[in-house]
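What follows is a set of notes on a single structure, which appears directly below.
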Amino acid sequence: MLILVVSAVSLRRDQGSEGLENLMRKIWRRICGALSGLALLATTAAAQDMPSAVGRIIYSGVLQPGAVICSGVLVAPDLVLTAAHCVRAAAEDPATLRFDAGWTDGHPTARRLGRAVILAADTLPPGLAGLAQDMALVRLDTAFGPDEATPLPIAAPSAGVFVLHAFARAAPAHPAPAIPCDLLATRPGLLGLDCPVVSGNSGAPLLQGDGEGLHITAVMVAAARIGPVRAWAVLPAGALLAQISPQAE
C-alpha cells in the first residue's frame, strides 16, 4: 500500500492554473519516486533467497577464507555458466573444480566435480574487449537432479533493476545477500553497473524477473573503480550458447 502525505500545502486564489499545474507536477514526481522505491524493495525482497541454480566454484575441495573461489549458475542440469578467468586454470584438469548448488541454511544440497571446461575464447585481449569474452561453461561429471537444483534460463536484459547473487572470498561458506544493481552504461557485450563487487563474485549471475520467474541476463566479470560504474557483467552470446541444451534456453 502506498501512502502519500502532502502537508502544509495551501493554494491561494491568486495562484491561478499555472501554480496549480506546477504543484500537481511536484506531487506526481513524488508519487513516481515512491512507486519506483517500492518496486526496488519488492524486487530485492523477492530475491533474498538464493535460487538453487546459483552455486559456488572452488578448486580441489579447499574451502577457507582467501581460498580460490568464484560463483556460477546452472543453465542445464550438468552445465555451469561462469567467468572464464575463474576456470581457465582448470581447463587441463577439470576434475579439480567443484560446484556446490542448492543452498539451504548455509549448506549446499549437492555438489559435483567438473568434467570439461568450455571457454568462449582461448585468449583474452586487454581492456573491455577481453571482458566481453570472459565467459565459460563447466560441464559437470553428473547432472543435478530436479530435487537438488533447477537450472535458470537465459534472456536478454530489460529495463528495471537487476539482482546479483554471489559468493565472496572473505566468507566462502555462506552466500552473500542479494545485491540490487542499476544499469549505468553499455559497451559491446557488456553491462556497466552501479553495484560494488568483491573477490568471489566473479561468475555470478545477474538476474531479472518476470511473470514466469527469474532468468539470467549477464555474468559478473570485473570490478570497476573509475567513474560511476562499479562493475562489469558480460552478456552471454556467440558459440558458447550453442553448447547449452534447449531446456535451458
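Which condition number in (1) at pLDDT 95 or above; (2) in contact with a helix residue (DSSP H, G or I) (Cβ under 7 Å, 6 or more places away or on another chain); (3) of a type outside the set (Val, Ile, Thr) is the one that ASP182 fails? If we test ASP182 against (1) at pLDDT 95 or above; (2) in contact with a helix residue (DSSP H, G or I) (Cβ under 7 Å, 6 or more places away or on another chain); (3) of a type outside the set (Val, Ile, Thr), just (2) comes out false.
Among the residues of region 178-191, count how many are within 16 Å of GLY203 (Cα to Cα) and in contact with a Ser or Thr (Cβ under 9 Å, 6 or more places away or on another chain). Total satisfying the criteria: 3.
Just to be sure before I move on: is ASP122 touching a helix residue (DSSP H, G or I) at 6+ places or on another chain (Cβ under 8 Å), among the acidic types (Asp, Glu) and over 22 Å from THR186 (Cβ atoms) in the structure I sent? In short, no.
Identify, please: which residue in region 114-156 is part of a helix (DSSP H, G or I) and open to solvent by 50 Å² or more (accessible area, probe 1.4 Å) and is, among those, nearest to LEU241 (Cα to Cα)? Step by step, filter region 114-156, then rank; the result is ALA129. Restricting region 95-110 to residues that are open to solvent by 40 Å² or more (accessible area, probe 1.4 Å) and more than 27 Å from ALA242 (Cβ to Cβ), which is modelled with the highest pLDDT? The extreme case among them is THR109.
When residues of region 230-249 are filtered for being at pLDDT below 80 and either part of a loop (DSSP other than H, G, I, E, B) or crowded, with 20+ Cβ neighbours inside 10 Å (or both), how many remain? Result for region 230-249: 2.
Among strands (runs of 3 or more DSSP E) entirely within region 157-215, having at least 3 residues that are open to solvent by 20 Å² or more (accessible area, probe 1.4 Å) singles out 171-175, 183-187.
The values are calculated or read from the model by the stated rules, or taken from the named source; none is laboratory data. Quantities reported herein were computed from a predicted structural model and do not represent experimental measurements. For neighbour counting, all protein chains shown are included, and Cβ atoms are generated from backbone atoms with ideal geometry for every residue, glycine included. Accessible surface areas use protein heavy atoms only, side chains included; no ligands, DNA or RNA. Shrake-Rupley method; radii C 1.70, N 1.55, O 1.52, S 1.80 Å.
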